[in-house]
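Comments concern the structure below.
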Amino acid sequence: MKNKTKYCLGVMSGTSLDGLDIAYLKIDSQTSYQFEILKAVTIPYNPDWKNMLKNGFHISGEALTKLDADYGIYLGNTLKKFITENNIENLDFIASHGHTIYHNPSDNYTLQIGNGPYINTITGIKTICDFRTQDVALGGQGAPLVPIGDALLFSEYDYCLNLGGFSNISMNKNNQRIAFDICPVNIVMNHYVNSLDLEYDENGEIASKGNIDTTLLNELNSLPFYNDSKPKSLGYEFILETIFPIINKYNLEIKDILRTFVEHIAQQIAKKIASDSSKRMLITGGGAFNIFLIERLKEFTKTELIIPENSIIDYKEALVFALLGYLKDEEKNNCLKSVTGASKDHSSGIIYTS
Ligand SMILES: Nc1ncnc2c1ncn2[C@@H]1O[C@H](COP(=O)(O)OP(=O)(O)OP(=O)(O)O)[C@@H](O)[C@H]1O
Ligand SMILES: CC(=O)N[C@H]1[C@@H]2OC[C@@H](O2)[C@@H](O)[C@@H]1O[C@H](C)C(=O)O
């Protein structure tokens with residue numbers, strides 16, 4: 001493999017809507033892919049942006065087209081400021097995930113907004129974006145896409161689990177990388193905690209004081225998605241149409257909803273892995289900070305749970321989208337059919353230069 005060092009920004013807006021993750025990285029490929037996080041920051045969304053992105057699901061036509069452009073301009077300006085404030089001179093490209101509004105691969109569509117041409121025009125830097133559409137067009141789920149990074153950068157772990165808005169997992173099976181979304185996590189818990197005027201349930205403190213409602217737990221655990229065959233992925237549609245209506249029927253106190261949901265998450269994750277003390281699972285995403293959730297997960301599995309340093313917990317997804325950009329820039333495959341179910345491995349993303 002020829003060594004090509006590239007400096008890049010990986011940019012991710014996750015489903016929990018906590019903010020925009022930006023990582024300035026050096027990526028090398030020699031005998032293997034290697035990375036260094038040179039600088040990383042999460043820029044919290046102000047209440048207006050949070051509401052506009054949350055509301056994106058409920059608008060369409062001209063309003064959604066405008067939101068796509070406005071958000072592209074927001075990303076361009078935010079990234080330009082980051083580049084200037086950090087005196088970044090070496091920068092080969094920006095790889096930006098955008099923000100997911102719809103995700104319905106079984107009906108052949110997924111939408112990430114944050115128009116690439118605006119980012120490219122405002123920053124003057126080559127911009128690579130729209131990583132999911134081609135995979136859906138090839139019959140794939142278009143998600144999760146991070147598993148190629150698990151294979152190339154984190155292969156020492158038997159499992160890579162991310163606890164973000166949703167949880168997803170990747171692992172090797174029969175010499176192939178497989179992966180799938182498991183269940184919703186912070187997107188649901190944040191929603192209920194917001195009614196207490198809190199952003200999230202810090203360390204799972206509120207959940208830890210609640211009681212499990214076993215009828216709700218059983219109803220959640222019986223959802224057909226959990227027994228669907230892989231590949232499979234989840235979107236906000238599943239929350240609005242399935243999860244919220246079920247939970248809301250029960251009229252529970254917030255602490256009991258959280259307690260029950262934590263149990264649901266821990267049980268669903270444990271079902272997907274071997275309970276084997278010789279296996280190691282890397283845990284990233286904001287949920288890795290939820291001490292109570294991790295404690296409950298330990299209750300259901302003997303697999304060793306590894307919580308890495310904060311920069312990996314917080315920026316692994318931004319890092320891997322930069323790797324997807326790196327591979328696209330080299331015209332190499334960055335989406336695996338074994339993960340998404342697409343008809344072939346392929347090199348996804350659109351490159352904007354000006
Ligand atoms: N100390 C903590 N205790 C409990 N939960 C936490 C803590 N810190 C962060 N979180 C949760 O993690 C969330 C952010 O996680 P993350 O940034 O991984 O999500 P995301 O990138 O939006 O998700 P994804 O892209 O996987 O959908 C917060 O909204 C919060 O719910
Ligand atoms: C459509 C979409 O944006 N999916 C996200 C979401 O957030 C978590 C989970 O659902 C995962 O499938 C995916 O993101 C990660 C970064 C991925 O593609 O690997």
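The values are calculated or read from the model by the stated rules, or taken from the named source; none is laboratory data. Keep in mind the model is a prediction, meaning the values are calculated, not measured. Positions of Cβ are backbone-derived with ideal geometry, glycine not excepted, and every protein chain shown enters the neighbour counts.
Computed quantities for the displayed model
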read-out: In the range 155-190, the residues that are over 19 Å from Ile313 (Cα atoms), outside any strand (DSSP E or B) and more than 10 Å from ligand 1 (Cβ to nearest atom); value: Asn174, Asn175
read-out: Close pairs from the range 175-203: first touching a residue at least 40 places away in the same chain (Cβ under 8 Å) and of a type in the set (D, E, K, R), partner in a loop (DSSP other than H, G, I, E, B) and within 15 Å of ligand 2 (Cβ to nearest atom), Cβ under 6 Å, at least 6 apart; value: Arg177/Leu336; Asp181/Ser233; Asp181/Leu234
read-out: Residues of the range 204-224 satisfying the condition of being without any contact (Cβ under 8 Å) to a residue 40 or more places away in the chain and part of a loop (DSSP other than H, G, I, E, B); value: Ser222, Leu223
read-out: Output for the range 168-196, where each listed residue is under 12 Å from the mean Cα position of the chain (by Cα) and closer than 12 Å to Val146 by Cα; value: Asn168, Ile169, Phe180, Asp181
read-out: Residue list for the range 229-260, filter: buried (at least 19 other Cβ atoms within 10 Å of the Cβ), of a type in the set (S, T, N, Q) and more than 25 Å from Thr110 (Cβ to Cβ); value: Thr260
read-out: Residue, nearest to ligand 2 (Cβ to nearest atom), within the range 10-31, restricted to residues that are crowded, with 20+ Cβ neighbours inside 10 Å and under 15 Å from Ile88 (Cα atoms); value: Gly10
read-out: Matching option when the condition is away from ligand 1 (no atom under 12 Å from the Cβ), at pLDDT below 95 and not charged (D, E, K, R), among Ala274, Ala266, Ala270; value: Ala274
read-out: When residues of the range 312-351 are limited to those that are hydroxyl-bearing (Ser, Thr, Tyr) and either assigned by TED's automatic domain parsing to the domain that holds Ala179 or touching an Asp or Glu at 6+ places or on another chain (Cβ under 7 Å) (or both), the one nearest to Gln34 (Cα to Cα); value: Tyr315
read-out: Only listed residue being surrounded by 14 or more Cβ atoms within 10 Å (Cβ to Cβ), modelled with pLDDT of 95 or more and over 20 Å from the mean Cα position of the chain (by Cα), chosen from Leu282, Leu293, Leu220; value: Leu220
read-out: Some residue of the range 49-62 being surrounded by fewer than 20 Cβ atoms within 10 Å (Cβ to Cβ), within 16 Å of ligand 1 (Cβ to nearest atom) and assigned to a strand (DSSP E or B); value: no
